Amino acid sequence: DAKTTQPTSMDCAEGRAANLPCNHSTISGNEYVYWYRQIHSQGPQYIIHGLKNNETNEMASLIITEDRKSSTLILPHATLRDTAVYYCIVRSRGTSGTYKYIFGTGTRLKVLA
Amino acid sequence: GAGVSQSPRYKVAKRGQDVALRCDPISGHVSLFWYQQALGQGPEFLTYFQNEAQLDKSGLPSDRFFAERPEGSVSTLKIQRTQQEDSAVYLCASSLSVTDNEQFFGPGTRLTVL
């Protein structure tokens, strides 16, 4: 199963872009990269996902390198409510056909006023 | 609309007791997942249901852990003879279909074993 590596913590000034890196050097060709975030005492919340191409939605942008060994989540204008733990996840297909999430330890993002 | 709900939100058990944790997924969601999240760690996969069928239980840490979803909706995770190392947050997630891209997570049940 592919695993991800993320910095333990990052700070970002309110209103600035937050760029969260992730390494997934053992990812397979058909495995997707997902990003979730977890605000204290809540369950993880979906942000965005991608396979090869860069993706953008109303929450964030996802930049995936051409070799797919790393990616960056971009929050374009961070607010205090974006303070959370951000998980970069590889969605792996198990032997039973299950699509499983393999979480790492995540990046604790603190947005500063 | 209603999201995934879990009960109880907090559970304290004495070592050796049995516990049952409940998950109410979003109505109509086919897939249901259980995760275990230790303090300061990311969630770890425990088991997966497609409707009432438990297709993957590779993450269950021991035979003291048992999960069921008899009617393909509500699920229960049961832990027998709880140990201190079972202390964690247990998260439930559901998704609309097998290949659906987004899992919706509940708030979790925090289990503390004394």
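The values are calculated or read from the model by the stated rules, or taken from the named source; none is laboratory data. Being a predicted model, the structure only gives us computed values, none of them experimental. Every residue, glycine among them, receives a Cβ derived from its backbone with ideal geometry; neighbour counts consider all protein chains shown.
Filtering A:98, A:107, A:79 for residues that are of a type in the set (S, T, N, Q), at pLDDT 95 or above and surrounded by 15 or more Cβ atoms within 10 Å (Cβ to Cβ) leaves a single hit, A:107.
Could you go through the stretch A:29-46 and let me know if any residue there is farther than 16 Å from residue B:41 by Cα and away from chain B (no Cβ under 14 Å). Within the stretch A:29-46, one or more residues are farther than 16 Å from residue B:41 by Cα and away from chain B (no Cβ under 14 Å). For the stretch A:55-62, the criterion of a residue being within 9 Å of the chain's Cα centre (by Cα) and not aromatic (Phe, Trp, Tyr) is satisfied by at least one position.
Selection of the stretch B:24-34 for residues being buried (at least 19 other Cβ atoms within 10 Å of the Cβ) and either of a type in the set (A, V, I, L, M, F, W, C) or closer than 20 Å to residue A:5 by Cα (or both) yields B:32, B:33, B:34. Filtering B:54, B:37 for residues that are at the interface with another protein chain (Cβ under 9 Å from one of its Cβ atoms) and among the polar types (S, T, N, Q) leaves a single hit, B:37.
May I ask you to verify whether residue A:43 is without any contact (Cβ under 8 Å) to a residue 40 or more places away in the chain and buried (at least 16 other Cβ atoms within 10 Å of the Cβ)? Taking the combined requirement at face value, the residue satisfies it. So, in the stretch B:77-110, exactly how many residues are closer than 27 Å to residue B:40 by Cβ and either in contact with a Leu (Cβ under 7 Å, 6 or more places away or on another chain) or within 11 Å of chain A (Cβ to nearest Cβ) (or both)? Total meeting the criteria: 20.
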